[in-house]
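This report concerns only the one structure given below.
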Amino acid sequence: MSSLDELINETGNIKFSTEEKELIFSKLFESSLSDFIIELDDKSDITFNTNTNSIENQYNELRLKQIERDFTQKLKLFILEEPFEYGFENKADKLVLENLEINRIATKEWINKIYLNNYSNSEYTIGILRLVSRLEIEEISPQGPTMAIAALSHKDEEIQETAIRAFENWSSLEHIDILKSVKVKSEWLADYLNSVIKNIEIEYGIIS
């Protein structure tokens, strides 16, 4: 999908593709789109008058609702059934990547909502953390790191380990202070955390 700026034409209207038009009409009566002036040109292209600052938020909200409706149960099923193996893209990866291509903002919020709604379920929580850790940090920020930070204080040590592994995969200096502030109870997990911190600091030349 093109960015919002690319969709805006010289007249100040936004043109949508056929796929986007279907989304808009399917959600039209569920959303507060009364601020928009809908126009149909002679090619049956839909344009929305953009004399409102909320249009991008409105569209992202529409997309989020569609993703939740169409893909939530499918993603949860993939998480339970598909292994996360290094170097191999599974069905959950593909589903998320496809939606990120269409609308990154809505997709990240969708994943975050699944995570929050299933925080007490270790299978889903670990699955989501593994899923986001396989993405580039720029693709999944800020939701991905925020989810991993929350998982560092989870009572389940496997979830804590998965969160540390996510930061290891991202290897970002931005979160080094957060990792240093984490206190874990088990010795093996503390050793793993300290090794991740050390490797990140070596990578960025903080220590040799």
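What the table below lists for this structure:
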| read-out | value |
| --- | --- |
| Cβ-defined net charge surrounding Ser171, 14 Å radius [Lys, Arg +1; Asp, Glu -1] | -3 |
| Spatial separation of Cα centroids for segment 69-148 and segment 150-208, in angstrom | 20 Å |
| Counted charge near Glu187, where neighbours are those whose Cβ lies closer than 15 Å (Asp, Glu -1; Lys, Arg +1) | -1 |
| Calculated FRET value between Ser181 and Asn57, using beta carbons and R₀ = 30 Å, to 0.05 | 0.35 |
| Gained length - Glu157 relative to Glu123, 0.36 nm times residue gap less alpha-carbon distance | 11.0 nm |
| Positive minus negative residues near Tyr124 (Lys, Arg vs Asp, Glu; Cβ under 14 Å) | -1 |
| Added length on full extension, which subtracts the Cα-Cα distance from 0.36 nm per residue, Leu189 to Thr146 | 13.5 nm |
| Separation in nanometres of the label points that stand 7 Å from Cα toward Cβ, at Glu139 and Leu80 | 2.6 nm |
| FRET efficiency for Arg165 and Glu101, using Cβ-Cβ distance with R0 set to 25 Å, rounded to 0.05 | 0.45 |
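Since every read-out is calculated from the coordinates, none of them should be taken as a lab result. The model shown is predicted, which means the values in this text are computed figures rather than measured ones. Positions of Cβ are backbone-derived with ideal geometry, glycine not excepted, and every protein chain shown enters the neighbour counts.
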